[in-house]
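Since the structure comes first, as structure tokens, the remarks are kept for the end.
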């Protein structure tokens, strides 16, 4: 694995749920996570979390999914 990061992407959501999707800058966003190789090829993308979700919550979800991101043994 080369790098892992999450980013906020602007999202249009229903008025009733906009509160959960408000990021730090008051915009409605989605908190998405991506992992890439050293060759800059995507190996995992998770797109689903509301903007108010903390990065650690998104990472925890990614690692706990049966088909989620797997980190090889011996990699620190």
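The residue that is farthest from the chain's Cα centre (by Cα), among those in segment 3-38 that are at pLDDT below 85 and at negative phi, is 25. Note on segment 66-76: among residues that are surrounded by 10 or more Cβ atoms within 10 Å (Cβ to Cβ) and out of contact with any helix residue (DSSP H, G or I) (no Cβ under 6 Å at 6 or more places or on another chain), the one that is modelled with the highest pLDDT is 70. Here residue 41 meets the list (1) under 22 Å from residue 67 (Cβ atoms); (2) in contact with a strand residue (DSSP E or B) (Cβ under 8 Å, 6 or more places away or on another chain); (3) surrounded by fewer than 16 Cβ atoms within 10 Å (Cβ to Cβ) almost entirely, failing just condition (2). When segment 17-38 is filtered for residues that are outside any strand (DSSP E or B) and within 24 Å of residue 69 (Cβ to Cβ), the ones remaining, listed by number, are 20, 21, 23, 37, 38.
Yes or no: segment 8-16 includes at least one residue that is surrounded by 12 or more Cβ atoms within 10 Å (Cβ to Cβ) and not in a strand (DSSP E or B). Yes, the conditions are met somewhere in segment 8-16.
Just to check your reading of the model, which residue among 35, 53 is buried (at least 17 other Cβ atoms within 10 Å of the Cβ) and closer than 20 Å to residue 13 by Cβ?
After ruling out the rest, the residue left standing is 53.
The values are calculated or read from the model by the stated rules, or taken from the named source; none is laboratory data. Since this is a predicted model, take the numbers as computed values, not measurements. Cβ coordinates were reconstructed from backbone atoms using ideal geometry, including for glycine residues, and neighbour counts include every protein chain displayed.
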